[in-house]
Structures are given as C-alpha cells and as structure tokens.
Amino acid sequence: MRGIETVDAVVIGAGPNGLVAANLLAQEGWDVLVLEAEKEPGGAVHTTEPVAPGFRADRASAFFPLGAVSPVIAGLGLEDHGLCWRRAPDVLAHVLPDDRAAVLSQDIDRTAASLDTFAAGDGEAWRTEFDLWRRVREPLIDAMLRPFPPVRAAFAFLRELGSGDALRFSRLAVLPARRLVEERFAGEGARILMAGNAMHSGLGPDQAGSALFGWLLSMVGQDAGFPVPEGGAGNLTAALVARLYAHGGRVDCGRPVAKVLQARGVAVGVRDGEGTPIRARRAVLADVTAPHLYRDLIGTERLPARLVADLDAFEWDPATFKVDWALSSPIPWRNEAVAGAGTVHLGADLNGLSMSSARAATGREAKKPFLLMGQMTTTDPTRSPDGTESLWGYTRLPRGLDWSPDLARRRADRIERAIERHAPGFGDRIIGRVLSGPFELEGLDRNLNEGAINCGTAAVHQQLVFRPAAGAARADTVLDRLFLAGASAHPGGAVHGAPGANAARAALARNGLGGAWYRAAVDRLHRRLYNDPETGSGAT
C-alpha cells in the first residue's frame, strides 16, 4: 500500500473532461492529482494501431466539431503543447440509397451548389441558416457550454435577435429534426444533411430536440469543419497531459478509485483500488458517469432518497457497434463526390432514419443500418501509409442485445455489404478489421456504458435541469466539495470540455472569497430539491 497523499484536488478519471478540469485548477496554482483506472490517459479519446501496423485508429472519439468552436478548448492553447488540427477537403457527405450524395463543405458555395441539385433554392435557404448561425454563434455556444442558468449569454442572445426571433429560435430548439427540415428546405439533400447530423446525438429525426442538434452540427461543420488531431485523437489527450504537467499537475494511470471519502457531508478525498486514501484539501472532481459516482463511489445509503429515486430513471443513450478497417486504397465510391468527405453518412433517406430509430425504440435492430463513417486518411494523411486508408464505421443499436463473436462478425459483414453497394470493390481493399461491440467499448472506457457514447440520452427529458437527474444543471453535488465533471452532467456529450470546465469553475468558486455563501446557496437548493416533504430528511 502506498503512503497517504495530500493534494488540493483529486480528479477521478483522465478523460478529456477530467483533464480539462485538472488543467484549469492547476493553472490557478492548485496541486492536482488525476487518478485514471486504465493504463493510459484519454478515456474515449485514444489512438492505437489495432488493425495493422501503420494504420492509426481512434478507438472511440474521432472528429471534434464542437471542440473546434469550444471556448474552453481554445482557451487552453493546446497548439503550444503539440496539438495540430487537420480537416478533410469536404466536411461530410450523406449517401442516399440511390447513390445521390449531399455534400457539406466549408466552402459554402460548394455546399449550396450540392443542395441546389436536389431543389433549386435550397442553397440560398442554407445560406440563410448560416447567416443566423453567425449572428448567434457566440451567445449560443456560451449558453450551451456554461453553467446553468446562462444569464449573460441569454441577454446577449436577446440583444442580437430581439424577443420575437429569440422566441422563434427557442421553438427550433425543441422541434424534431424532421419538422425543422421540412419547414426550411424543399429538397432531400439539405433535409438529409441536417437530419443525419441530428443522429450523431443518438436521437431520431422524429424526437423532440433533435432539430437543435442537427442544426448546430450542420452549422458548426459549415463554419469550422469537423477537425481531427493530426496523428490521432490521442494527440489531443497528449496535449492536455503535457499542459497539465507544465502547470505542475500529475496523472497516475492504472490507479482506479474505489470510494469517495466524506466526513459530515463534505468530500475529503478518495480511496484507491489498493485501499490507499488520498486526502483532498479543496475538492474532488469526478469525470465518471452519474450512476457510477452516486451508486458506486458514494453509495446510495449516503444520498437523499429522492435523488436515488431520480437516478433510477437515468436513461442511457443507445448502444454502439464499431468496426475499424485498414484498406489498401481509398474507398472506390460510385459517386465521386463522396471521396473527399471526412465524415460519411450511409444507408438511409429521411424515412429510413425514422424507421431505424423506431425499430431501436422497440428493441429491434434496423434491417438496413444507418452508418456513420470516418475516412481518416482522407482527413489526416498521417493516419496510414501512402495510398491507403484508415477507416471506421459505427451504427447505434438497442441496448441489451445478445453478443457473441459470431454475431459480431455477422453484423460487421452486413455493414460491409452495405458499403459495397455504394462502393463496388470495397471488400477487395480490406487488409484487416477489428470489431468493437458495446462491451468492448465499455472495456476501453467505463464511461461508455454498453457503448453509450453520450453518457446518457440527449433527449430533452435529460437535458439542462434534468441532467443527470432533476436538479440545478450544475456540477455541484449533494456532498460539499464534490463535483460531477463527466458527460453525464450538463451540457452532456461530445469533446468540448464544458463539463470539466464547469466543475473546475464550481470548485474555484467554492474555495474563493465567497465560498461559504456559495455553498450555503447550493445547500438550500438541494434541500428544496431532495428533502422528503414528510420527514424533512435529506442527505446523510
């Protein structure tokens, strides 16, 4: 057993949010220790060569559109620590069943021209949406990524749009994607681009709130592209770690946390898997899922009964099945417009997206799976030898399906046949492949529960004050000096660093000049939220 350590802050988990939180605290002079259960930092932001030597594959997270526009990531100056962003010639192509393709490019003239081939005027309609994005970009991103409620951002939003248009934008935020695209566009190209982007959230095009995700990702792609770190997603992790060490922080890998230690309702440290306690003078920040933090690391017996009941309703997002391929040459797309896209959507029109989502909601696999694919060498030529392609593809599935090596192979074969229909000769170019089912992804990063890449559904009933359960949409927990820093917290998944940054800001506020008043306000709120109305009991 190691000797007892004392630091200012312990961060549980070296995923991107944990590393962001650690960086923000370390730059304020805090002594920060990050404890990571796996042998390497990064969590879902991790690159290896699992298929063949020289073919670098991002094992989970790959493209970083929200990272490209995140003020949190920009504020860290990671380019000074080795991070270099790369972008594909085109951002995204959605291939329809009849081989037509809608192309999203950072060159808006190219995007507009592609959409006009489906319906004259849709290119101009897309420009109108992009003009709206440029007006609201700063306050919208600020409102989405900052702690709730986003008062300053809301006022800026109102100043820019006025009350009428702000109200209309609020309607957009709760619409299903299908309704939005049918209102805004006449042709299938623009409609499928936006609805396909909504699918990245795990929401189908007929679910409330999916419109905002589709619109946001489409406009971010038009503006900043879907960039990747040169050399692999793991280089984003490497830059975060390098910056942390430059500010005096540390990462200890292969050291899982078994328990959060608390005394009289205050988090005072953690105990690692070997039983060694680590004392935290100022804060404990947890880059883990909410169920893991509350049920395993704290224990439900130490929580208000109402919070435990709320956690029983926590909903995961769908499972994920992913295939990584090494190809001897780029994909031979029948439609050449797809060749330059970093991200490819394949396998469904708008009705197909709806049917796929409906089958998933009833626990059944889609007969024709909707695929999200990454042409990584097309995006970043360092990912594989000259003339080859490092490729991945994934599909979302209902949770709880049966899995075996044989079933996984058959699912992968079906995916390859789907690609072959649009790219004859694809199968002949396969050098090798690696299959990652829900439990392989969870083995890579415990936060990816059964391949839940969003760490909880992005549906409106689990966003803002409902994420991860009914509360204040802030990082503060019912234990003083314990903060939830993972994607189960507001504002949710994707690599933008906001949950980690919000947790770090909360920890700094708690330890600032007004810290006692800050915590008193949080405690009053939690008593209102979680106390039993009959007994008055709250956290123990």
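The values are calculated or read from the model by the stated rules, or taken from the named source; none is laboratory data. Only a predicted model underlies this, so the values are computations on that prediction, with no experimental measurement involved. When we count neighbours, we look across all protein chains shown, and the Cβ atoms used for this are built from the backbone with ideal geometry, even at glycine. Remember, those area values only see protein heavy atoms, side chains included, never the ligands or the DNA or RNA. Shrake-Rupley method; radii C 1.70, N 1.55, O 1.52, S 1.80 Å.
Some notes on this structure:
- Scanning residues 5 or more positions from N454 or on other chains, those with amide H under 5 Å from its amide H are D317, with H placed 1.01 Å from N in the peptide plane.
- Carbon and sulfur %, accessible surface of the chain computed with the full protein complex present, 1.4 Å: 52 percent
- When only alpha carbons are used to place a centre, the range 334-393 and the range 430-453 end up 17 Å from one another.
- Protein-only accessible surface at a 1.4 angstrom probe places the residues C455, C84 in the order C84, C455, largest first.
- Per-residue ³J(HN,Hα) for the range 29-41, Karplus 6.51 cos²θ - 1.76 cosθ + 1.60, θ = phi - 60°, Hz, x for Gly and Pro: x, 6, 7, 10, 10, 9, 10, 10, 5, 7, 6, 9, x
- At q = 0.08 Å⁻¹, base-10 log of I(q)/I(0) for the chain (Debye sum, equal scatterers on each alpha carbon): -0.50
- V251 long-range amide H proximity, modeled H, under 5 Å: V34
- Built amide H within the under 5 Å cut-off of A258, gap 5+: R271, D272, G273
- Computed from phi, the 3J(HN,Hα) profile of the range 488-497 under the Karplus parametrisation 6.51, -1.76, 1.60 (θ = phi - 60°) reads 5, 8, 4, x, x, x, 5, 8, 10, x Hz, with x in place of Gly and Pro.
- FRET efficiency for R295 and I431, using Cβ-Cβ distance with R0 set to 45 Å, rounded to 0.05: 0.55
- Subtracting the Cα-Cα distance of T382 and E230 from 0.36 nm times their residue separation leaves 54.0 nm of extension gain.
- The sum of -39500 (n - 2.57) across all DSSP H runs of n ≥ 4, divided by the residue count of the chain, sets its helix-only mean residue ellipticity at 222 nm to -11500 deg cm²/dmol.
- Residues listed by number, the range 130-165, amide nitrogen under 17 Å from R524 label point at 7 Å toward C-beta: 149
- Inter-probe distance in nm under a simple model that places probes 7 Å from Cα toward Cβ, at R271 and E138: 5.0 nm
- Summing Lys and Arg as +1 and Asp and Glu as -1 over all other residues whose Cβ lies under 13 Å from the Cβ of A52 gives a net charge of +1.
- All other residues whose Cβ lies under 13 angstrom from that of A503 are scored, Lys and Arg at +1 and Asp and Glu at -1, for a net of +4.
- Cα pair distances exceeding 13 angstrom across the range 461-528, given as percent: 61 percent
- Helix 188-198 axis, angle to the chain major axis (alpha carbon atoms, nearest 10°): 20 degrees
- Rounded to the nearest 20 debye, the dipole size of the range 205-274 about its Cα centre is 480 debye, using +1 on the Cβ of Lys and Arg and -1 on the Cβ of Asp and Glu.
- Mean accessible surface per residue for the chain, computed with a 1.4 Å probe while every protein chain stays in place, in Å²: 39 Å²
- A Förster radius of 35 Å combined with the Cβ-Cβ distance from D99 to T362 puts the calculated FRET efficiency at roughly 0.70.
- Top positive-direction residue, dipole computed over the chain with Cβ charges, set T382, C455, P438: C455
- Nearest-0.05 FRET efficiency for A516 and E49, computed from C-beta distance (R0 51 Å): 0.50
- Residues in the range 13-28 reached by a label modelled at D80 [backbone nitrogen below 16 Å; 7 Å Cα→Cβ]: 23-28
- Longest site-free stretch - the chain; sites: GluC sites (Glu not before Pro), DSSP loop, at most 10 other Cβ within 10 Å: 1-273
- Distance from the range 189-235 to the range 1-75 (C-alpha centre basis), Å: 23 Å
- Here the range 140-241 yields Rg over Rh of 1.05, to two decimals, using C-alpha coordinates and the Kirkwood radius.
- Global form of the range 197-281, assessed from the alpha-carbon gyration tensor, a/c cut-off 1.5: oblate
- Fully extending the segment from C253 to A154, taken as 0.36 nm per residue of separation minus the present Cα-Cα distance, adds 31.6 nm.
- Projected label distance in nm at I108 and L167, using a 7 Å step from Cα toward the beta-carbon: 2.8 nm
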